1. Please report, ordered by residue number, the helices (runs of 4 or more DSSP H) entirely within region 6-79 with at least 3 residues that are at pLDDT 80 or above, closer than 30 Å to Leu106 by Cβ and aliphatic (A, V, I, L, M).
2. Listed residues Tyr103, Tyr84; which is at pLDDT 85 or above, out of contact with any Lys or Arg (no Cβ under 9 Å at 6 or more places or on another chain) and loosely packed, with under 10 Cβ neighbours inside 10 Å?
3. Is there any pair linking a residue in region 85-114 that is more than 16 Å from Leu72 (Cα to Cα) to one that is of a type outside the set (A, V, I, L, M) and at pLDDT 90 or above, with Cβ under 9 Å and at least six apart or on different chains, and which?
4. Met52 versus (1) closer than 23 Å to Leu101 by Cα; (2) over 22 Å from the mean Cα position of the chain (by Cα): which is the lone unmet condition?
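The values are calculated or read from the model by the stated rules, or taken from the named source; none is laboratory data. Remember, it's a predicted structure, so these values are computed and weren't measured experimentally. Cβ coordinates were reconstructed from backbone atoms using ideal geometry, including for glycine residues, and neighbour counts include every protein chain displayed.
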Amino acid sequence: NLLIIISTNILLSTILVLVAFWLPQMNMYSEKANPYECGFDPTSSARLPFSMKFFLVAITFLLFDLEIALLLPLPWAIQTTNTYTMMITAFILVTILSLGLTYEWLQKGLEWTE
């Protein structure tokens, strides 16, 4: 029974990947590469540069957010009945996160203006 379910999943996944690979037609016209501007000819490039500071703050936020999300299931991940060990492990992880945030703050990585 389990073998049938696994083979069905593998077969369906393979079929979907093959259909997604062969189905679309890759015709690159110059009009498709230009931004849509309500029928008018484009006056300038639609690809505006972005602030590197914003990019760095966004990446820092994603890293810390991911680490906090990984910290939440810690009691189930450690698989220990000793509450003291779990609290010490959580304290060490939060300390590492706090040191990373302090380092970013001191290096002016969170500043918007130069």
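1. So the answer is 52-71.
2. Tyr84
3. Hits for this filter: Gly109/Tyr103.
4. Here Met52 meets the rest and fails (2).
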